[in-house]
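Each remark here refers to the structure printed beneath this line.
The values are calculated or read from the model by the stated rules, or taken from the named source; none is laboratory data. Owing to the predicted nature of the structure, the values given are computational and were not obtained by experimental measurement. FYI the Cβ positions are ideal-geometry reconstructions off the backbone, even for glycines, and counts take in every protein chain you see. Only protein heavy atoms, including side chains, enter the accessible area calculation; ligands, DNA and RNA are left aside. Shrake-Rupley method; radii C 1.70, N 1.55, O 1.52, S 1.80 Å.
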Amino acid sequence: MGYQEFTIEGRNAVIEAFRSGKTIDKLYVLDGCQDGPIATIKREAKKGDTLIKFVTKERLDQMSETGKHQGVIAVAAAYEYSEVSDILALAKEKGEPPFIFLLDNIEDPHNLGAIIRTANLAGAHGVIIPKNRAVGLTATVARTSAGALNYTPVAKVTNMAKTIEELKKEGLWFVCADMGGTTMYDLNLKGPIGLVIGNEGEGVGRLVKEKCDMIASIPMKGDIDSLNASVAAGILAYEIVRQRLQ
């Protein structure tokens, strides 16, 4: 799957994509461009909650596959998003307590793909990602997930902290990965659970961390101080799996 299948270039093509109901993750617009078609595109983008980035002509030329971007390039989702309710329904259908991954600010598409793959293998019912400051379901994510995107629903939410509050009403407990937490082996991770993973740099955001019921840390023996986000997700997910199997 080539990445260019999911970048849409040129004014008419981009307007068409919005109007056909395609999920557009990001829109790159030539900074300072104000004419009619561009105004129409920006209006469509706002309707669909698409992230708009204003960039230089050099940046657009660099991203362009066709060389005919006309000041606008849209990045479409490679896969359709699910709703949080679809994830809960899947758990119910399988007769299992819900197990959901929540990813706060994962910016690297390879990490996102790897985490979706792990979520699938660990038997999680879905993955929740934020709308802003994070990568969406691009072709790179799809490739790295090794097919898991076809089976594991991914939902996109505007406010992660609020989503956690709503899921608490459904009986979920939340555990967040953080260096300063309790060793994961000493926590009870059974039952309906949400596993919250942040990015390598800043970890989980403060507002999201405050909503979590437990903070889990992974015991570290080495000389470096942090794990890749997708590896951390895998280790914690399998501690949850181990406790569920008991």
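For the reader, a short list of remarks on this structure follows.
- Over all other residues within a Cβ to Cβ distance under 12 Å of A177, the charged ones net out to -3, with Lys and Arg as +1 and Asp and Glu as -1.
- If the segment from K131 to K53 were pulled out straight at 0.36 nm per residue, it would be longer than the present Cα-Cα gap by 26.7 nm.
- Lys, Arg +1 and Asp, Glu -1 on Cβ, resulting dipole of region 53-172 about Cα centre, debye, nearest 20: 200
- Antiparallel bridges, percent of DSSP beta bridges restricted to the chain (to nearest 5): 25
- Take region 95-246 with all the other protein chains still there, run a 1.4 Å probe, and you get 45 Å² of accessible area per residue.
- Shown here for region 186-246: trypsin sites (Lys or Arg not before Pro) in loop regions (DSSP other than H, G, I, E, B) with at most 10 other Cβ atoms within 10 Å, namely K221.
- Nonlocal Lys pairs with alpha-carbon distance under 20 Å, region 20-76 (8 or more apart, or different chains): 15
- Portion, in percent, of the accessible area of region 14-55 that falls on carbon or sulfur, probe 1.4 Å: 48
- Note on region 106-241: with neighbouring protein chains present and a 1.4 Å probe, carbon and sulfur make up 50 percent of its accessible heavy-atom surface.
- Cα centroid separation, region 175-246 to region 1-62 (Å): 37
- Helix-only CD estimate at 222 nm, as mean residue ellipticity for the chain, using -39500 (n - 2.57) per DSSP H run (n ≥ 4): -11000 deg cm²/dmol
- What you get for the chain, charging only the Cβ of Lys and Arg (+1) and of Asp and Glu (-1), is a dipole of about 480 debye around the Cα centre.
- Nearest-20 debye value, region 12-109 charge dipole, Cβ charges on Lys, Arg, Asp, Glu: 420
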